[in-house]
Amino acid sequence: MTRYCCFLLLCCVGVQCWAQSSISGEIGIAFQKEKEVKIHLSRIKLEDFPSAKAEKSIATTILDKEGRFSFRELQLEKKDALYHIYVNTVAEALGAPKNPDRFFVFSAQDSIHFTKGKKAFEKYTNTNTADAEWQRLRAYEARLFGTVLSGEDSLSPKHLVHLRRYAKDSLQILMVKLIGIKQLDQQELLDVDIAKNPEYYLALLEELKKSELERSDYLFLENKLAFITTEKAEYKFMYSTYINIFLGLIILCLTLYGIRKKRRPKPDIEQLSHQERTIQQLILQGKSNKEIAAELFISISTVKTHITHIYGKLRVANRKELFQKAPYR
């Protein structure tokens, strides 16, 4: 019974020790000749990727005789972050080919295990969903740019369309989208695609601003889009200025028209003489000049003279307009 309890205790301790190792793996005995092979783990800010010059060292562990390693008691970010794992040996420092390494996305809630492959860190299993999406992007890029080796131009619109379409339709995690865009920038493809699809990148920038990502992570994209946002702001300002000027002119014209109409004197009916009023009434009754002259016992020429005065005082040109002014009599 005592042995059975001890066995269970050892199993629990073993499981607990294994659980504490969120980053582990094996790279075989390729570095067996080295006396002490160190595995380094660093964190890289997204703004500095893909350059590893500004990376922050987190931990170092030693490869055991069987080629296995594990990191314990790591101070990892709670949210997704970029990490770099690599081997650093004396041989590399002396000018030998670069030792194997791997970039991956990881958080404190995840676990990753590297398995043996042709190259160290080549194969691994990672519980982080963002890293899985990034690896799919890398595999897609590898297939896409494989055509460059067959003689196709790497800056061709075909590549740009495929990369942007994949990033837009297949990538769901903003961090991975940003990594893909930084890789485009590294390959000097980003400026070309921004010129062809400014609306897509402007919309993406607004999405990034609303996310939990730090502004420094996407500042490079914001700077590249600054000239577009400036042009749009200037265009909107100019458009708004023209609209305001146009509306101002309309208001001014309406105001002047109102003032002019207000100042325009009404027909001076009060200035008509008694005889002119009589002739005006006869005209409105439909009588001709001859009939008016006969009724008033005056000559036709005198009637015409009175009518001319009536037209001038009432500012009308003919009998039709006089009838229109009739309500004012």
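Read-outs: derived from the displayed coordinates by stated rules, not from any lab. Just so it is clear, the structure is predicted and the values come from calculations on it, not from any experiment. Here Cβ is always computed from backbone atoms with ideal geometry, including for glycine, and neighbour counts include all displayed protein chains.
Before moving on, here are some points about what is shown:
- Proximal charge balance of ILE300 [Cβ under 15 Å; K/R count +1, D/E count -1]: +1
- Net charge over other residues, Cβ less than 11 angstrom from the Cβ of ARG319 (K, R count +1; D, E count -1): +2
- Per-peptide packing, taken as the mean over residues of other Cβ atoms within 10 Å, places 177-186, 282-291 in the sequence 177-186, 282-291 from highest down.
- Length available on full extension from GLN281 to LYS56: 0.36 nm per residue minus the Cα-Cα distance, which gives 70.4 nm.
- Cross-link pairs beyond the 23 Å C-alpha cut-off, checked among LYS38/LYS79; LYS177/LYS209; LYS38/LYS182; LYS123/LYS210; LYS45/LYS119; LYS118/LYS177: LYS38/LYS79; LYS38/LYS182; LYS123/LYS210; LYS45/LYS119; LYS118/LYS177
- Available extension along the chain between THR129 and GLU188 is 18.4 nm, counting 0.36 nm per residue and deducting the alpha carbon span.
- Taking each residue as 0.36 nm, the span from SER216 to SER273 lengthens on full extension beyond its C-alpha to C-alpha distance by 11.5 nm.
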